[in-house]
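The values are calculated or read from the model by the stated rules, or taken from the named source; none is laboratory data. These numbers were taken from a predicted model, which means no experiment stands behind them. Cβ placement follows ideal geometry from the backbone for every residue including glycine, while neighbour counts extend to all protein chains displayed. These accessible areas exclude ligands, DNA and RNA; they are computed on the full protein's heavy atoms, side chains included. Shrake-Rupley method; radii C 1.70, N 1.55, O 1.52, S 1.80 Å.
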Amino acid sequence: MPSLMHTLHVELGERTYPVYIGRDLLADSSLLAPHIAGSQVVIVSNETVAPLYVDRVRSALGARQLITEIVLPDGEQYKTLDTLSGIFDRVMADKHSRNTTFVAVGGGVVGDITGFAAACYQRGVNFIQVPTTLLAQVDSSVGGKTGVNHPLGKNMIGAFYQPQAVLIDINTLHTLPARELSAGLAEVVKYGLISDQAFYRWLQESMPRLLACEEAALAEAIERSCAIKAQVVAADEREGGLRAILNLGHTFGHAIETGQGYGKWLHGEAVATGMLLALELSARRGWVAAAEVDGFRELLLGMHLPVRIPDDMDAAMFLRLMAHDKKAVDGRLRLILLRDIGEACIVDDVTEAELSDLFAAR
Ligand code: NAD
Ligand code: GLY
């Protein structure tokens, strides 16, 4: 039985859109159908998710003049301009008009590429996000960052393009591998750390229920995460300033992902270790208590997330990789640290010596 548990809005004036969170929502045509303007739809998914969920989305759409189903190969390595071009080939061949709606059914890879396809096709058509990983439900489907990777850099080609609606069916998480669930939970914990201490304490207590995929706990965690993300995006849609706090742990994390080669560590795993480094640095500055760092390490261990930097990465390697991060501004490294649990700050005065000491102590 479909059950809508929470609805919130990303407030962006006339581009404001709803985020629906609940159980069995894929089968609920009353939520999806009103956001589809015309009678043409393009459903984009991948070979893992399509057999599990696309039929339900299709039946919730009802009778339409034209539905094109595109099933992409599974994997970050397919988030490319070539794959994007293949989407346009199908949509053009099927003669979709400007009045078509693109629906992304899958994790962040499918959501990012479909959103970018929607932003480009005929200079922009409607699109809807139906995220099926926890990471996509709490992060990538909300906020309008879309794009593909370039061989020289991740997410380097893209656009800010907001969806018409986000439909989060928590039941899809039952088929998600445990490792992917933990990686998504790392991003959930991030929201507590950057802006809501009470939420962080709740997560510390509720982690066993979340890891067991308990519905009420998951719905609560997703709602609170999306609410924080929606608030940050509404205040700074194009990352002129504040939105950067969503990148806590990401500069360290990207260095690990790049240093290890994409695919070895999941993004959420690298971000988890990166957040621990950010907390340690914050503690060295006297902003966060050492006991909080220990508590956070315990939390990550309980979530089966890595707390050690890879053995083959030293301070020099981190410094080199971090200098290339796209979050560096005019050659100055910009990092997100914590003044306290629940209070992020953006700093650009971290010295090489500070970072070398941090890595040497690990
Ligand atoms: P993903 O899309 O690769 O999904 C992870 C794996 O889970 C894939 O194998 C996928 O096929 C499978 N899967 C998805 N849903 C499933 C389900 N319900 N049951 C079983 N298997 C399922 O990875 P992700 O972690 O969802 O997203 C990572 C991507 O998101 C990266 O490309 C990253 O750059 C991007 N991202 C974007 C933003 C943004 O703001 N746009 C934010 C964070 C991450
Ligand atoms: N994932 C970071 C952002 O959306 O800004």
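A few comments on the model shown:
- For 112, 196, the ranking by accessible surface with the largest value first comes to 196, 112, using a 1.4 Å probe.
- Between the helical axis of 197-211 and the longest alpha-carbon principal axis of the chain there is an angle of about 70 degrees.
- Only lysine pairs 8 or more places apart or on separate chains count here, and in the chain those with Cα atoms under 17 Å apart total 11.
- Calculated [θ] (222 nm, deg cm²/dmol) that DSSP helices of n ≥ 4 give over the chain, each run adding -39,500 (n - 2.57): -13500 deg cm²/dmol
- For residue 258, solvent-accessible area (1.4 Å; no DNA, RNA or ligand), Å²: 70 Å²
- Computed packing ranks the peptides 249-256, 353-360 as 249-256, 353-360, most packed first, by mean other Cβ atoms within 10 Å.
- Solvent exposure of residue 23, expressed as accessible area, is near 70 Å², computed with a probe of 1.4 Å over the protein chains only.
- Around residue 171: net Lys/Arg minus Asp/Glu count, Cβ-Cβ under 14 Å: -3
- Protein-only accessible surface order, largest first, of 243, 332, 209, 64 at 1.4 Å: 332, 209, 64, 243
- Heavy-atom SASA rank of 78, 262 (probe 1.4 Å, accessible area, largest first): 262, 78
- Descending semi-axes in Å of the chain, equivalent ellipsoid built from Cα gyration tensor: 35, 22, 18
- Taking each residue as 0.36 nm, the span from residue 345 to residue 242 lengthens on full extension beyond its C-alpha to C-alpha distance by 36.2 nm.
- Take every DSSP beta bridge whose two residues both sit in the chain; close to 45 percent of them are antiparallel.
- In this view, the solvent-accessible surface of residue 215, computed with a 1.4 Å probe and all protein chains in place, comes to about 60 Å².
- Shape call, segment 158-273: gyration tensor on alpha carbons, a/c limit 1.5: rounded
- Here the relative contact order of segment 222-362, from alpha carbon pairs under 8 Å that lie six or more residues apart, stands at 24 percent.
- Pairs of Cα atoms nearer than 8 Å and 6+ residues apart set the relative contact order; for the chain it is 14 percent.
- As a length-normalised measure over Cα pairs under 8 Å and 6 or more apart, the relative contact order of segment 20-166 settles at 23 percent.
- Estimated FRET transfer efficiency when R0 is 51 angstrom, pair residue 360-residue 6 (beta carbons, to 0.05): 0.65
- Each listed q (0.18, 0.21, 0.23 Å⁻¹) maps to a log10 I(q)/I(0) for segment 102-169 from the Debye sum over equal C-alpha point scatterers, namely -0.55, -0.74, -0.88.
- Across 165, 212, 183, mean-square fluctuation computed from a Gaussian network of the chain (C-alpha pairs under 10 Å connected) peaks at 212.
- Taking the charge dipole of the chain about its Cα centre, with +1 at Lys and Arg Cβ atoms and -1 at Asp and Glu Cβ atoms, the residue from 241, 200, 83 reaching farthest to the positive side is 83.
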